[in-house]
1. Separation of the range 1-26 and the range 67-88 by C-alpha centroid, Å?
2. Any chance you could give the angle, 0 to 90 degrees and rounded to 10, that helix 19-31 forms with the longest Cα principal axis of the chain?
3. For residue 84 and residue 40, what is the calculated FRET efficiency with R₀ set at 25 Å and r taken between the beta-carbons, to the nearest 0.05?
4. Only bridges whose two residues both fall in the chain count here: according to DSSP, what percent of them are antiparallel, nearest 5?
5. Quickly rank 49-60, 91-102 as a protection proxy: mean count of other C-beta atoms within 10 Å, highest first.
6. Determine, for each peptide in 65-72, 15-22, the mean count of other beta carbons within 10 angstrom over its residues, then list the peptides with the highest first.
7. Let me have the 222 nm mean residue ellipticity of the chain computed from DSSP H runs of 4+ only, each contributing -39500 (n - 2.57), with the sum over all residues rounded to the nearest 500.
8. Output the 0 to 90 degree angle, nearest 10, between the alpha-carbon long axis of helix 51-67 and the longest principal axis computed from the alpha carbons of the chain.
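Nothing in this text is a laboratory measurement; each read-out follows from the coordinates by a stated rule. Treat the numbers as computed from the prediction; the structure is a model and nothing was measured. Reconstructed Cβ throughout: ideal geometry from the backbone, glycine too, with neighbour counts over all protein chains shown.
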């Protein structure tokens with residue numbers, strides 16, 4: 001299952017804080033929880049799902065700052081799409097934790 005690391009950067013905000021935009025992005029993700037799984041991190045958001053659903057949700061997320069009056073948005077997207085076996089966010093973390101436990 002593809003995993004996307006996405007960061008949406010509203011350009012031209014009145015203050016350095018972007019937490020209100022992040023909160024709005026999370027609301028859009030909650031509305032799409034039937035399509036994707038997601039995890040907020042301090043620097044970005046991770047989402048996993050089927051590729052067509054991910055692209056649909058990415059477009060919705062990119063639009064969030066525009067709906068709040070921002071005129072310019074930069075969105076960084078990194079896609080990990082492994083096709084030789086099923087991959088999930090939880091599975092990737094578990095693989096690392098298992099290696100840490102071997103020591």
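1. 11 Å
2. 60 degrees
3. Given R0 = 25 Å and the Cβ-Cβ separation, E is 0.30.
4. 100 percent
5. Top of the packing list down: 49-60, 91-102.
6. Output ranking for 65-72, 15-22: 65-72, 15-22.
7. -13500 deg cm²/dmol
8. 30 degrees
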